[in-house]
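The values are calculated or read from the model by the stated rules, or taken from the named source; none is laboratory data. Source: prediction; values computed, not measured. Glycine also receives a Cβ, built like all others from the backbone with ideal geometry; neighbour counts cover every protein chain displayed. Keep in mind that these areas ignore ligands, DNA and RNA; they rest on the heavy atoms of the full protein, side chains included. Shrake-Rupley method; radii C 1.70, N 1.55, O 1.52, S 1.80 Å.
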Amino acid sequence: MSTQNKNIVRIAPDSWTASSQKLIVGIERTKRQLLAQSNEQLKLPQRLFQVALNEAEALAWETEYPQLVFPTLAEEKIAAMSFWYDGGGILRSDYAIAV
């Protein structure tokens, strides 16, 4: 590889990596908090609860501010999953549920 070609490849600045890590850690912390709160209040199997959180996280990462929208999306997904599990309705999702 020539010297010119070596200069073309650039690595993301450390600040981007650190920022991304903070977002990931923040979302994981929120997931743990929601899990702790909802386990006490809901009779939803943990696997279905985890699916709801995973769907919310996937949707949150599609936005510009995943750390801001994730908690609301997670609460909505958990509520929908609980309603469905209690026999109250049809569960609609754009994502496959692996059981």
Checklist entry - For the range 78-99, which residues satisfy the criterion of being open to solvent by 60 Å² or more (accessible area, probe 1.4 Å), touching a helix residue (DSSP H, G or I) at 6+ places or on another chain (Cβ under 7 Å) and at pLDDT 80 or above? => result Tyr85
Checklist entry - Which of the residues spanning the range 33-43 are surrounded by fewer than 19 Cβ atoms within 10 Å (Cβ to Cβ) and closer than 15 Å to Ala80 by Cα? => result Gln41, Leu42, Lys43
Item to check | Pairs, first under 15 Å from Tyr85 (Cα atoms) in the range 44-68, second polar (S, T, N, Q), C-beta under 6 Å, six or more apart | outcome: Leu44/Ser82
Next on the checklist: For the range 14-29, give me each residue that is β-branched (Val, Ile, Thr) and at pLDDT 85 or above.
Outcome noted: Ile24, Val25, Ile27
Checklist entry - Only one of Glu64, Glu28, Glu75 is surrounded by fewer than 16 Cβ atoms within 10 Å (Cβ to Cβ) and not in a helix (DSSP H, G or I); which? => result Glu64
Checklist entry - Only one of these conditions is not met by Arg10: (1) touching a helix residue (DSSP H, G or I) at 6+ places or on another chain (Cβ under 8 Å); (2) modelled with pLDDT under 85. Which number is it? => result (1)
